[in-house]
Amino acid sequence: MPVPDLLIELFSEEIPARMQTRAAGDLKKLVTDGLVEAGLTYASAAAFSTPRRLTLTIEGALAASPTTVEERKGPKADAPEKAIEGFLRGAGLTRDDLEERDTPKGKILFAKITKPGRPAAEIVAEVLEQTIRNFPWPKSMRWGSGTLKWVRPLHSILCILVTEEGAEVVPMDVDGIKAGNTTQGHRFMSPGAITVRNFDDYTTKLQRAHVVLDASERADAIWHDATNQAFAQGLEVVEDAGLLAEVAGLVEWPVVLMGKIDDDFLGLPPEVLQTSMKEHQKFFSVRNPKTGRIERFITVANRETADNGATILAGNQKVLSARLADAKFFWENDLRTANAGMTDWLDALKNVTFHNKLGTQADLVDRMATLAREIAPAVGADPDQAERAARLAKADLASEMVYEFPELQGLMGRYYIEAMGEDKAIAAAAQDHYAPLGPSDDVPTAPVSVAVALAEKIDKLTGFWAIDEKPTGSKDPFALRRAALGVIRILVENDLTLDLSEASRSTLKGHGVDFGNETDPDNYKNMDIGLNLLAFIHDRLKVYLRDQGIRHDIIDACIAMPNNDDLNLLVKRARALSDTLKTDDGENLIQGFKRANNILTQAEEADGVEYSYGADPKFAETDEERALFAALDTAEAQITPAMQAQDFTTAMSAMAGLRAPIDAFFTAVQVNSDNATVRRNRLNLLSRIRQICLAVADLTRIEG
Amino acid sequence: MSDTSTAPRSFQEIILRLQTYWASKGCAILQPYDMEVGAGTFHPATTLRSLGAQPWAAAYVQPSRRPTDGRYGENPNRLQHYYQYQVLIKPSPPDLQELYLGSLQAIGIDASLHDIRFVEDDWESPTLGAWGLGWEVWCDGMEVSQFTYFQQVGGHDCSPVSGELTYGLERLAMYVLAVDHVMDMPFNDPQSPIPLTYGDVFKQTEEEYARWNFDVANTEVLLRHFEEAEAECKAILDQRHDDPKTGKRIVMAHPAYDQAIKASHIFNLLDARGVISVTERQAYIGRVRALTKACADAFVQTRAGGWTPEAVA
C-alpha cells in the first residue's frame, strides 16, 4: 500500500502576528493527536504560519487505519434467551458470530467484533473539521451570515493526500468552505489561485508567488538584511527579539528598508525615540555605537516595488516625523514644567484619584514622603533625600510624555528631575521606585531608590489592608501580591534589616487605622490587620523561597520563630536550615530531635509536669549519656553567641553536630529507667536537646 | 467629475471619489448625522443598524469631535473637529478586503508602489458597549483606516456580522495629496477661481473651539446637561410601546439614542476641561454605556431592528 503524505493549509484574512506561531503549533498538535487517536500513525509533521495561512505537512501517514478485532465477553451459554438477544443487539451481531467457551465459571458466550480500518481521507476530514471548529484562538470571531468562528474570516481550506499516483483532495466541507487543492500567493505581488501537488511543490510555488512560508526564515532574512544595512553605515540595530518575531508575522515577503531620523529629533532621549518607533511604527532602532544615539530606523515592508521602496520609505519617514514632532512637543513642554519646579504636575496630582477610599495621588505622595524619611536610616539613605525623592517620584504621571507613552513612567521622571538640577540619586528613585515589576525584574539597590520603592509598596499594602481590599483567589486588581514580593526581594536581595511591623503600623495609622489603647476591644481587631498583613507577606515569602528550592515546612519552622517580621533574618534562617537539612547529619538530627521531643512530650503528659532544668551529669550512668552532656555544652557554647550574631550557618552546623551523640545516646540508653532520679535526669537532658534545637528553628514543624 | 486614473487634487475630491466608489458598490450614500459625535460609528446608521438581521449597506461622511485633541490648529495632524468616512455593510461580504483596497485605488493610492498592511487592532467602544475584531490598515506605516467585523453592539451579539470601514479623512487626504500640515491642504481644487485650503475653512474654528473646550466651557452647565440628557433618555425609553395618540406601536429608539449621543459628547467636553478624575471617568463611561445599551435594547424592539408582530406571537 502506498504511504501518503498530507498537506493542509487554512487560508484566511490577516492573522494577528502575535498569534501565528502558537496557532501553527496548535494545528499540528490537534490534527496529529486526532489522527493517532483514530489509528492513523505518521512518520513526521511540521507546521508553518504566515499572516494569511496556517500550514501543516505530515509525511508517511498510513493509507488507512488498521482493522481491529475486539473480543467481548457475553452472558452464560444457558442464560435466558432475552439476555443473549440483548447482548447481540448491543454488539450488533447475530447468534452465529458467537463462540461458546468452557471457563472455570461454566460455558460462556464470546463475541468477536471486527472493526474494519477506515481510509485516511475519511479520518483526515473528520479530524480537520473538528480541529477547525474547536480551534483554541485567544479571540475568535464570526463573519457574514455564518456561525463558524475563526480568528478572522477563513477563506479556503487546502487539504490533499499525496501518493506516488498523485494528489487527491480530501472531500470535506466546513460551513460551506469546501476543501480543495489551491491556495493564493502574495496579496499584491502574485494574486490568483495556485494549484498544489505536494508540499515541495507548495513551498516552491509559494516562494515564486512571493511568500516565504517559514516564519523563522523570514525573521532570519529580516535580521540579516537589517544588520547588514546598518553595518554598512557604521551603525548597529538595537536588538529586540519580540519586535523581530512580530514583524516577521506581519509580512509574507519581507523587504528591509533603512531610513534617517530627522536631525530635529536626535535630541530626544533615546528611550523616547525607541518607544515611539516601536509602539507606533514597529520600526527597529538603529544606533550609532560611538555616541549611543538612535540615528536611523529600519522598517520592514511586505513587498518589492518598481522604485525599490522609495515611496514606501518616504511615507514611513513622514509618519515618523509627525509622531516624533508630537514627542518633541511633549518633551519641550514637559521640560518647561520641570524647570519651573514641577509645581503644575504636583498640583495636578491633587486632582487624580489614587483610589476613592485612599485619596489622591498627592495624598499618596505625602504618605510616601513621610514613610521614606522614616525608613531611610534603616536602608542607609539620607532622610532628606529620601523624602525629596518620594515627593517627586510620581510627578511625571502628570507629564504629557507619560500621558502619551504610559510605559515611560518613571524613566521620564528621572530625565525631568535631572533637568531640574536635583541630585542624581533623587532622579534615579523616580525611575527605580516602581521596581521590581516581576519576579525576574531587577530590584533597586541605591539607598534613596530603595527607601522610596519600599515606601510606595508598604503604603500600598497597608492602604488596601486598611480599607479591606485584600486579594482573593485569582483576583488581585491592585497587584498587592506583586507589591509584597517587591518588599521581600528589596530587603532580602539588598541584605537590609527593616522592622516591618513598625513600618506597617505607622503607615496603617497614616491610613486612619486607630490602634487605640490596649484595653480598647477595637485595638485587638486593628492589631489583627498588622498580623494579617504579615501573614500575607509570609505567604508570598513561601512562594519566593519555594522557587529557590526551599521547602514550605522549613519556612514554617522559621516563621514560627521570634522576629519573623524581619524578612531578611527570616530568609537567612530558612536558607541555613535548608542547607543543614540537606546534609546527612542535619537530616538525621531531625530524627533524633523528634525522638527526644516525642519521648519528652509523652512523659510530660503522663507525669503532668514540664521537664526543663536540672539535668546533671553526676546522675549519668553511661558513657553515651556523659558524652551527650559534653556535646550539648559544646554546642550551646557555639550556638548562643552565633544566634546573637545572627550567624545561622554556624549555629546550625553546631546543632547538626549533635546528631552523633544523640544517636549514640538513644542506641545505648533507655530513658525510662526504673530509677526515678535517673529517669528524671534523662528527661531533663532531652529537654536540653529540645531547648537548644528550638532556639535555632521550630523543628517540630519539619516534615518526614 | 472624478476620473480615478489621475491623482485627486483636493480634500473634497477624495471625499467625492469615496462617495462615487461606494455608491458604485451598492451602498446607500447617507448624509452626516446632525449631532455632535466623537466618531462615525455613533451615527445611528452604524450603531443601531448593525443590530438585527435586516441587510444594510451605507456609506457617509461624519464630522467628528474630540475636544481633547484640539491644538488651536497648530499641530500638523491633530484637530478637535475632523471628518471620518464610514462604510457599514451587513452581512459583511466575503470580498470586503478587496472592496476596501479598490477604494484606495479610487482615491489614487497605487498598491504597486505602496506597502499596504492589515495590522491587528481589536476595536472596543466602552461607551457603546461594542466590540469587534479587525485591523488598522497601514499604508507605508501610516494608519489610513479601521477595518472591523462587529461582534457585539450595545451588549447584543451581531448576527449577521457587519463589516465596518472607517477612514480618517484628513490624515488619508494629507497622505494622498502629499501635504505636511493639515491647514495647508487644498480643500477645493487649487485651480478654482477661489482656491480654499483646509486652514481657510477650519483654522479659525479650531482656535475658537480649542479655547472654549479647554478653558471656557461652563462645567456646571455641562454637568447639568449630562444629567438631563441621561434622564431624558431613560424617560423616553420608559414610555409604553403603544402610542396612545395614534394607537400605533412606536418604540422611540432613535430619540432616546440622540440623548445618549448627547451625554457621550458632553462627557468628552468635561474630560477636555479636566474635571473628571480617573475613577469618575469609569463611572461616567459606565453611565453612557448603560444608555446606549438601553437604546440598543429598544431598537431591536422596532421593525428596522428585526421586530415583527409574528415573532412576538
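Return yes when B:Tyr100 is closer than 19 Å to B:Met185 by Cβ, under 18 Å from the mean Cα position of the chain (by Cα) and more than 10 Å from every other protein chain (Cβ to nearest Cβ) and no when it is not. No: the conditions fail for B:Tyr100.
Candidates in the range B:229-254 are the residues that are acidic (Asp, Glu) and more than 24 Å from the chain's Cα centre (by Cα); of these, the one that is surrounded by the fewest Cβ atoms within 10 Å (Cβ to Cβ) is B:Asp238.
Of everything in the range A:62-84 that's surrounded by fewer than 11 Cβ atoms within 10 Å (Cβ to Cβ) and assigned to a helix (DSSP H, G or I), which residue is farthest from the chain's Cα centre (by Cα)? Selected residue: A:Glu81. Identify all residues within the range B:42-69 that are assigned to a loop (DSSP other than H, G, I, E, B), more than 17 Å from B:Gly26 (Cβ to Cβ) and among the aliphatic types (A, V, I, L, M); write none if there are none. Of everything in the range B:42-69, those that are assigned to a loop (DSSP other than H, G, I, E, B), more than 17 Å from B:Gly26 (Cβ to Cβ) and among the aliphatic types (A, V, I, L, M) turn out to be B:Leu48, B:Leu51, B:Ala53. If the condition is being more than 10 Å from every other protein chain (Cβ to nearest Cβ) and either out of contact with any strand residue (DSSP E or B) (no Cβ under 9 Å at 6 or more places or on another chain) or at pLDDT 95 or above (or both), then the range A:274-286 contributes A:Thr275, A:Ser276, A:Glu279, A:Phe284, A:Ser285, A:Val286. For A:Lys350, the test of being over 22 Å from A:Ser276 (Cα atoms), among the basic types (Lys, Arg) and within 14 Å of chain B (Cβ to nearest Cβ) is passed. Any residue in the range B:43-53 that is in contact (Cβ under 8 Å) with a residue 24 or more places away in the chain, crowded, with 21+ Cβ neighbours inside 10 Å, under 23 Å from B:Arg303 (Cα atoms) and in contact with an Asp or Glu (Cβ under 7 Å, 6 or more places away or on another chain)? For the range B:43-53, residues in contact (Cβ under 8 Å) with a residue 24 or more places away in the chain, crowded, with 21+ Cβ neighbours inside 10 Å, under 23 Å from B:Arg303 (Cα atoms) and in contact with an Asp or Glu (Cβ under 7 Å, 6 or more places away or on another chain): present. Every condition in (1) more than 10 Å from every other protein chain (Cβ to nearest Cβ); (2) buried (at least 23 other Cβ atoms within 10 Å of the Cβ); (3) of a type outside the set (Val, Ile, Thr) is met by B:Asp115 except one, and the failing one is (1).
Going by the structure shown, is A:Leu93 within 14 Å of another protein chain (Cβ to nearest Cβ) and surrounded by fewer than 19 Cβ atoms within 10 Å (Cβ to Cβ)? Judged against the criteria, A:Leu93 is not a match. Residues considered: B:Ala57, B:Ala28, B:Ala23. Of these, the only one that is farther than 23 Å from B:Thr302 by Cα and surrounded by fewer than 20 Cβ atoms within 10 Å (Cβ to Cβ) is B:Ala23.
So that you can scan it fast, the table gives a plain yes or no per residue for (1) surrounded by fewer than 19 Cβ atoms within 10 Å (Cβ to Cβ); (2) over 34 Å from the mean Cα position of the chain (by Cα); (3) among the acidic types (Asp, Glu); (4) away from chain B (no Cβ under 14 Å):
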residue: A:Lys139; (1), (2), (3), (4): yes, no, no, no
residue: A:Ile157; (1), (2), (3), (4): no, yes, no, yes
residue: A:Glu164; (1), (2), (3), (4): yes, yes, yes, yes
residue: A:Val170; (1), (2), (3), (4): no, yes, no, yes
residue: A:Ser190; (1), (2), (3), (4): yes, yes, no, no
residue: A:Arg208; (1), (2), (3), (4): yes, yes, no, yes
residue: A:Asp225; (1), (2), (3), (4): yes, no, yes, yes
residue: A:Glu236; (1), (2), (3), (4): yes, no, yes, yes
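Being more than 30 Å from B:Arg17 (Cα to Cα) and touching a residue at least 60 places away in the same chain (Cβ under 8 Å) is the requirement here; does B:Ala210 meet it?
yes
Of the residues making up the range A:192-206, those that are in contact (Cβ under 8 Å) with a residue 40 or more places away in the chain and more than 42 Å from the chain's Cα centre (by Cα) number 1. Suppose we filter B:Ile89, B:Ile107 for residues that are within 11 Å of another protein chain (Cβ to nearest Cβ) and buried (at least 20 other Cβ atoms within 10 Å of the Cβ); which single one remains? Going through B:Ile89, B:Ile107 in turn, the sole match is B:Ile89. Among the residues making up the range B:263-276, those that are surrounded by 15 or more Cβ atoms within 10 Å (Cβ to Cβ) and either outside any helix (DSSP H, G or I) or among the aromatic types (Phe, Trp, Tyr) (or both) are B:Phe267, B:Arg273, B:Val275, B:Ile276. Only helices (runs of 4 or more DSSP H) whose full extent lies in the range A:415-515 are considered here, and the ones with at least 1 residues that are among the polar types (S, T, N, Q) and within 19 Å of A:Glu387 (Cα to Cα) are A:424-432, A:447-466, A:500-510.
Of the candidates A:Lys149, A:Lys178, the single residue that is in contact with a strand residue (DSSP E or B) (Cβ under 9 Å, 6 or more places away or on another chain), loosely packed, with under 15 Cβ neighbours inside 10 Å and not aliphatic (A, V, I, L, M) is A:Lys178. What residue, among those in the range B:139-183 that are within 14 Å of B:Thr41 (Cβ to Cβ) and outside any strand (DSSP E or B), is farthest from the other protein chains (Cβ to nearest Cβ)? Selected residue: B:Gly154. In the range B:18-33, the residue that is farthest from B:Glu170 (Cα to Cα) out of those that are outside any helix (DSSP H, G or I) and among the small types (Gly, Ala, Ser) is B:Gly26. For the range A:85-131, which positions are at pLDDT 85 or above, in contact with a strand residue (DSSP E or B) (Cβ under 7 Å, 6 or more places away or on another chain) and assigned to a loop (DSSP other than H, G, I, E, B)? A:Gly117, A:Arg118 - these are the residues of the range A:85-131 that are at pLDDT 85 or above, in contact with a strand residue (DSSP E or B) (Cβ under 7 Å, 6 or more places away or on another chain) and assigned to a loop (DSSP other than H, G, I, E, B).
Checked against the criteria, A:Ala389 counts as assigned by TED's automatic domain parsing to the domain that holds A:Leu500 and either closer than 28 Å to A:Asn494 by Cβ or buried (at least 23 other Cβ atoms within 10 Å of the Cβ) (or both). The condition (being within 35 Å of the chain's Cα centre (by Cα), under 30 Å from B:Trp123 (Cβ atoms) and not hydroxyl-bearing (Ser, Thr, Tyr)) is satisfied by just one residue among A:Leu35, A:Leu56, A:Leu27: A:Leu27.
Quick check on A:Pro406: is it in contact with a Pro (Cβ under 8 Å, 6 or more places away or on another chain) and without any contact (Cβ under 8 Å) to a residue 12 or more places away in the chain? Judged against the criteria, A:Pro406 is not a match. Among the conditions (1) on the phi > 0 side of the Ramachandran plot; (2) surrounded by fewer than 18 Cβ atoms within 10 Å (Cβ to Cβ), the only one that B:Gln191 does not satisfy is (1). In the set B:Asn218, B:Asn188, only one residue is over 21 Å from the mean Cα position of the chain (by Cα), under 30 Å from B:Ile89 (Cα atoms) and more than 14 Å from every other protein chain (Cβ to nearest Cβ); that residue is B:Asn188. I'm told A:Gly176 meets every condition in (1) at positive phi; (2) away from chain B (no Cβ under 14 Å) except one. Can you identify the failing condition by its number? The single condition A:Gly176 does not satisfy is (2).
If you go through the range B:115-129 and pick out every residue that is modelled with pLDDT of 95 or more and either outside any strand (DSSP E or B) or within 29 Å of B:Leu291 (Cβ to Cβ) (or both), you end up with 1.
The values are calculated or read from the model by the stated rules, or taken from the named source; none is laboratory data. Since the model is a prediction, treat every value here as computed from it, not as a measurement. Don't worry about glycine lacking a Cβ; one is built from the backbone with ideal geometry, like all the others, and counts go over all protein chains shown.
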